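> Have a look at this one.
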Amino acid sequence: MSEHFDALETRDPAEREAQLMAALGPQIAHAQSKSGAFARILEGVDAQAVTSRTALAKLPVTRKSELYETQRAMRGTDVFGGFATVVRGPGMPHVFASPGPIYEPDQAVRDYWRCGRAMFSAGFRAGDLVHNAFSYHMTPGAFIFESGAHAIGCSVFPAGVGQTEMQVQAMQDLRPDGYVGTPSFLRILVEKAHETNVDIASLRKAMVGGEALPPSLRDWFGEHGIAAYQSYATADLGMIAYETTAREGMVVEEGAIVEIVRPGTGEPVPEGEVGEVVVTTLNTAYPLIRFGTGDLSAVLRGTCPTGRTNMRIKGWLGRADQTTKVRGMFVHPAQVAEIARRFPEIVRARLVVSGEMANDVLTLNVETAGAHDGLHGRIGEAIREVTKLRGEVVLLAPGSLPNDGKVIEDARSYR
């Protein structure tokens, strides 16, 4: 039995990078010509000149808030806000709604959400029956995994959420091989089966998402005979990365180009440093270019022991949007980045808000390569100019700040 979904997973890394970069220019050109939103966002960009990650990093990052605002402004003319290139009809089987609402299309193509490789890595195989406990109501979660299951050759039981006793009974009757859904609901199902003495021993594997899977819960599933693996997908982008049997980080999906950038900017961070996950997909129906997920992660060095050779990330490490209100004014990560950008001496910066409510203390901790005459005072002036607030400055040696992706830390006491 093959250990990989297809040959793309085991490509030579240099070959993969060359092929992805060769596809990047045509994808950007397609977005510019077919997507009204990206015609505006990428106006003046020479698509054919974008043939490297360096060139890609010069393009603007589009964030979910911009997607929502554009859709809302165009509700009467284009519910997708000019981002979709596929039209209603046979080519668009479904329209989905995510919280906001943000509306997303799908396309009548095999494994549209690119979920097959992720599920295959978790042990799903042709002929399996998959118990799908993601919601089939409005959001695309269930359809993302159903399309992946069908791409492998699995059958799917569309369980959805809720009705725990009925779901456990269906598991006893149908004897599914695997589960997809949230880890918390899987635990509820397993506990209900034990409580009611229902046999669900056929369930041996699971691919979970939508929530974190802490090691303690993963081990608990293992004690009950279920090997559970994490996935990282969004309604906008589809599958981004997935866990393998090696359980060493998450392998980036073959149809996604992932960058890790400094929060509040579009600037890539050094390998291993925590930053925001920014994704470009090669999806022609919904061609999102440098889409900011708002999630934090970091590149994990090396390749997966399972033979998959694509980039690995460390998984979900928190949220990148750290906007904080200080003395009645919002302070954004982009403002911290702007202050740092003014001083080449600054390696990294972290704004700490401390004190008690209504008595905020602002401190900018900055890593610098050495002592610099007047730097302390000049940074203080930049804080006032950019944020309109006064703040203290602390100069630190390189490597002093935690590698956790935080640009703004709210350390105030709320007692």
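> All but one of (1) buried (at least 19 other Cβ atoms within 10 Å of the Cβ); (2) of a type in the set (Gly, Ala, Ser); (3) within 22 Å of LEU296 (Cβ to Cβ) hold for SER400; which doesn't?
Tallying (1) buried (at least 19 other Cβ atoms within 10 Å of the Cβ); (2) of a type in the set (Gly, Ala, Ser); (3) within 22 Å of LEU296 (Cβ to Cβ), SER400 fails exactly one: (1).
> Taking the stated definitions as given, is GLU392 in contact with a strand residue (DSSP E or B) (Cβ under 8 Å, 6 or more places away or on another chain), surrounded by fewer than 16 Cβ atoms within 10 Å (Cβ to Cβ) and of a type outside the set (Lys, Arg)?
yes
> Go through (1) in contact with a helix residue (DSSP H, G or I) (Cβ under 7 Å, 6 or more places away or on another chain); (2) of a type in the set (Val, Ile, Thr); (3) over 25 Å from ASP219 (Cα atoms) one by one and return the number of the condition VAL168 breaks.
Every listed condition holds for VAL168 apart from (3).
> Does the range 29-38 include one or more residues that are under 17 Å from ASN283 (Cα atoms), out of contact with any Asp or Glu (no Cβ under 9 Å at 6 or more places or on another chain) and among the aromatic types (Phe, Trp, Tyr)?
Yes, the conditions are met somewhere in the range 29-38.
> Could you give me the residue pairs with C-beta distances under 9 Å whose first residue belongs to the range 1-21 and is without any contact (Cβ under 8 Å) to a residue 12 or more places away in the chain, whose second residue is buried (at least 16 other Cβ atoms within 10 Å of the Cβ) and part of a loop (DSSP other than H, G, I, E, B) wherever it lies, and which are 6+ apart or on separate chains?
From residues that are without any contact (Cβ under 8 Å) to a residue 12 or more places away in the chain, the pairs are GLN19/ARG11.
> Something else about it: Could you pull out the residue among PRO305, PRO344, PRO263 that is of a type outside the set (Phe, Trp, Tyr), over 16 Å from the mean Cα position of the chain (by Cα), assigned to a loop (DSSP other than H, G, I, E, B) and closer than 26 Å to VAL386 by Cβ? Step through it out loud before you land on a result.
Working: PRO305 fails: closer than 26 Å to VAL386 by Cβ; PRO263 fails: over 16 Å from the mean Cα position of the chain (by Cα).
Every option except PRO344 fails the conditions.
> Further question: Given the structure, is ARG247 of a type in the set (D, E, K, R) and either in contact with a Ser or Thr (Cβ under 7 Å, 6 or more places away or on another chain) or farther than 18 Å from PRO60 by Cβ (or both)?
In short, yes.
> Then there's this: Consider ALA18 against the criteria (1) modelled with pLDDT of 95 or more; (2) under 23 Å from GLU276 (Cβ atoms): it satisfies all of them except one. Which criterion is unmet?
ALA18 satisfies every listed condition except (2).
> Right, another one. Does the range 219-228 contain at least one residue that is surrounded by 22 or more Cβ atoms within 10 Å (Cβ to Cβ), in the same structural domain as VAL61 (by TED's automatic domain parsing) and touching a Ser or Thr at 6+ places or on another chain (Cβ under 7 Å)?
No, that holds for no residue.
The values are calculated or read from the model by the stated rules, or taken from the named source; none is laboratory data. Bear in mind the structure is a predicted one, so any value in this text is a computation, not a measurement. Cβ: placed from backbone, ideal geometry, glycine included. Neighbour counts: every protein chain shown.
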